[in-house]
There are 2 protein chains.
Amino acid sequence: MTAMAPARSAPDLSYLLDHTSHVLRTRMAAALAEIGLTARMHCVLVHALEEERTQIQLAELGDMDKTTMVVTVDALEKAGLAERRPSSTDRRARIIAITEKGAEVAKQSQAIVDGVHQAALDALPKDEAEVLLRAMNRLVTEHLATPAEAPQGVRRARQKS
Amino acid sequence: MTAMAPARSAPDLSYLLDHTSHVLRTRMAAALAEIGLTARMHCVLVHALEEERTQIQLAELGDMDKTTMVVTVDALEKAGLAERRPSSTDRRARIIAITEKGAEVAKQSQAIVDGVHQAALDALPKDEAEVLLRAMNRLVTEHLATPAEAPQGVRRARQKS
DNA sequence: TATTGTTATACTCTATAACTATA
DNA sequence: TATAGTTATAGAGTATAACAATA
């Protein structure tokens, strides 16, 4: 959706943010798809490499639901990039261990991600890119840190079958 | 989803754009919901007010599917903000005419939209806000103008029932 | 034949609920 | 009792197909 603001209005920040984030997301998806990854898979791969983490911990880091995590880990396992290992301290939990192949793919995917990001920043004058990042970081940590409550779209509890 | 970039990487533009656009979208939805509008309804309202436009033209302007347009116009009609009128030049097409009440609501909703945008920009130092807008406009018109093709997510044709 | 608007429906995504096994 | 992970499925959003009227 576009164009929240006609003439004589405040600049249409909604459009600017929505459009750029959408286009960048499609670029990223397309670039990662070339090595068989989704953005979520890359995200889990990278965080699981940093240290031993359970599915729940990885879900929180990637801001996903634990059920979404299940399918993401399923995909990583199926591709031979990760394995579920029982935690030595909690028999309920699974540590997501990255395989050797997974580590290699993670290196590639990180290069891809960095490349897509850098290409966008390089398309700007250096000083603009710098200020853009500073301003965006400020918004993310301050005024636009937390989402508003959903207005009417409250998800109803599902019916008992 | 968050955190495409760990240490030693290019700045995580994906996260910055996704997070800010998501939060701003929830703010906008919540603010517009107070007068019974969705962002789409506001968008159609404003564009239909500018000049006589058909549903298809409005759909293109708002980057929606024509079927999404149908439900949006349904909602506007039900709320008494717009009416479908037969086009005088093409008997297939419907002109979306905004009612008096619709015009008034559009004025309010535009003020709401501007307020949400301005509040975000006011949260930044003036020079940062200026450069942010310049940089975002540059990205939107240049490097991040057009989405990449969807990689695998090709929608299959539906089965004949 | 192509296009506007409509209805109906299928697809994708994600969250909810319910469950098992542990804690 | 609460939590980690799993399965199954409901709900929201949206695109596709088919259609009627008209171009």
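All of the numbers you see were taken from the coordinates with simple rules; none came from a lab. None of these values were measured; they are calculated from a predicted model. Neighbour counts are summed over all protein chains in view; Cβ atoms, including those assigned to glycine, are modelled from backbone coordinates with ideal geometry.
The slack in the chain from A:GLU100 to A:GLU50, taken as 0.36 nm per residue of separation less the alpha-carbon distance, amounts to 16.6 nm. Straight-distance candidates among the lysines for linking to B:LYS66, with alpha-carbon spacing under 29 Å and chain neighbours fewer than 8 residues away dropped: B:LYS78, B:LYS101, B:LYS107, B:LYS160. Compactness of the range A:1-105 is given as radius of gyration and Dmax, 18.1, 63 Å, from Cα positions.
What FRET efficiency comes out for the pair B:ARG84/A:LYS66, r = Cβ-Cβ distance, R0 = 35 Å, nearest 0.05?
In this case the efficiency is close to 0.15.
Its Cα centre serving as origin, the protein assembly as shown has a Cβ charge dipole (Lys and Arg +1, Asp and Glu -1) of approximately 1580 debye. Kirkwood analysis of the Cα pair distances in the protein assembly as shown returns a hydrodynamic radius of 22.1 Å.
With contacts defined as alpha carbon pairs under 8 Å and 6 or more residues apart, what's the relative contact order of the range A:17-141 in percent?
24 percent
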